[in-house]
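Nothing in this text is a laboratory measurement; each read-out follows from the coordinates by a stated rule. The model shown is predicted, which means the values in this text are computed figures rather than measured ones. Methodologically, a virtual Cβ is constructed for each residue, glycine included, from the backbone with ideal geometry; neighbour enumeration extends over all protein chains shown.
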Amino acid sequence: MKILIVGGAGYIGSHVAREFLDQGHNVVVFDNLNTGDRANIFPDSSLVHGDILDYPAVLAAMRGMDAVVHLAAAKAVGESMANPEKYSRNNLVGTINLLNAACEAGVRRFVFSSSAAVYGEPAYLPADEAHPTNPENYYGFTKLEIERILAWYDKLKGIRFAALRYFNAAGYDAKGRIPGLERNPANLIPLVMEAACGLRPELQIFGDDWDTPDGTCVRDYVHVSDLARGHVAALDWIGGHEKSLVVNLGSETGISVKQIVDCARKVTGRTIPARVVGRRAGDPAQLVASSALAKKELGWAARESDVENLVRSSWDAYVRAGLTGK
Ligand code: UFG
């Protein structure tokens, strides 16, 4: 199939593009390269350098495609609360442009990067897709709102979509095929890597007095290569079933902040200075997925998401990028 991967030069998008290429698909990446990296455009794909807010450019890129995979979004939770306008524009308006262009160009299959942020404070764990959706930040709200718009476009325009609710995406391609590291990362594992490299003086641990086994927060970290396989499986599913799907992609395993830091010290051989500071506003103590639906419908389960793989594949990427100093 001919697939337009929007945001395909970015951190998750480049892994997704690689997986579609490996499965024999034809890939065109559409990316404004604001956070994506030109180095992540593979020789067996091509790049349309454009912005999702530019409707004519989106429509031109959409024509002749069989499916669109949409990963282009702003994703910093804290920033979304300080600058909701940016998230309204990029995430909401940008996605509406893509959807309208898909309708106009007759592209009826749409895979969308959603997020576990749609759930908000967990009412029970593991969180399955029936868990109430009460996003606690504007970023999560944009993802939920897009899921709702998608459901309407399914009903009204025959767009079949898969909304993939990612848990904590982490790790890098184990074969080292993604050269461009995420710039200005804000998530735990890259911050741990930066502390290991001496690029930041220390890691701040946001609280060790949580109601968890070791007192630090627990999350469901899912390897980006596992996520990438989930996109291919989801697109196959839409084609086979002619209906839409909202599904969690998580490892179903809780890993604490402390476990990640300990593992990173072992893998990197570095001290990694870490200091416990106060809790971060809006953090739940634990968030872990049920991925039973993905298993049942997509035959998907995380394979590369154990803590060692997440940390080692990240460290290897920092080594390859020449960032590890010493
Ligand atoms: N953490 C620290 N120190 C840091 C950064 C993070 O202790 O410097 C802790 C956080 O408190 C949290 C864990 O590490 O317990 C993971 O934090 P991240 O900021 O990496 O990720 P979040 O769990 O806050 O959120 C992530 C994505 C969201 C997504 C959510 C879904 O950033 O986009 O997962 O589960 F919605």
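Of the residues making up the range 22-56, those that are in a helix (DSSP H, G or I) and without any contact (Cβ under 8 Å) to a residue 24 or more places away in the chain are ASP22, PRO56. Picking from residues in the range 57-83 that are assigned to a loop (DSSP other than H, G, I, E, B), of a type in the set (Gly, Ala, Ser) and more than 12 Å from the ligand (Cβ to nearest atom), the one that is nearest to ALA9 (Cα to Cα) is ALA72. Being acidic (Asp, Glu), surrounded by fewer than 21 Cβ atoms within 10 Å (Cβ to Cβ) and at positive phi holds for only one residue in GLU252, GLU297, and it is GLU252. As a summary of the residue check, GLU104 satisfies the conditions (1) surrounded by fewer than 22 Cβ atoms within 10 Å (Cβ to Cβ); (2) charged (D, E, K, R); (3) closer than 26 Å to SER225 by Cα except for the one numbered (3).
Beta carbons closer than 8 Å, at least 6 apart along the sequence or on distinct chains, pair a first residue in the range 255-268 that is touching a residue at least 24 places away in the same chain (Cβ under 8 Å) with a second that is part of a helix (DSSP H, G or I) and more than 15 Å from the ligand (Cβ to nearest atom) for CYS263/GLU308; ALA264/TRP315; VAL267/GLU308; VAL267/ARG312; VAL267/TRP315; THR268/TRP315. Among residues of the range 166-204 being small (Gly, Ala, Ser) and closer than 18 Å to SER305 by Cα, the one that is surrounded by the fewest Cβ atoms within 10 Å (Cβ to Cβ) is GLY176. The set of residues in the range 141-155 that are under 14 Å from VAL107 (Cα atoms) and out of contact with any helix residue (DSSP H, G or I) (no Cβ under 6 Å at 6 or more places or on another chain) comprises LEU150, ASP154.
In the range 195-224, the residues that are farther than 22 Å from ALA281 by Cα form Cβ pairs under 7 Å with partners that are of a type in the set (Lys, Arg), at six or more places apart or across chains, as follows: ALA196/ARG270.
Give me the residue from the range 295-306 that is of a type in the set (A, V, I, L, M) and away from the ligand (no atom under 15 Å from the Cβ) and, out of that set, farthest from ILE189 (Cα to Cα). Ranking the candidates gives LEU298 first.
Looking at LYS86, LYS75, just one residue is touching a residue at least 12 places away in the same chain (Cβ under 8 Å), charged (D, E, K, R) and buried (at least 24 other Cβ atoms within 10 Å of the Cβ), and that residue is LYS75. Out of curiosity, is GLY207 surrounded by fewer than 23 Cβ atoms within 10 Å (Cβ to Cβ) and either in contact with a Ser or Thr (Cβ under 7 Å, 6 or more places away or on another chain) or small (Gly, Ala, Ser) (or both)? Yes.
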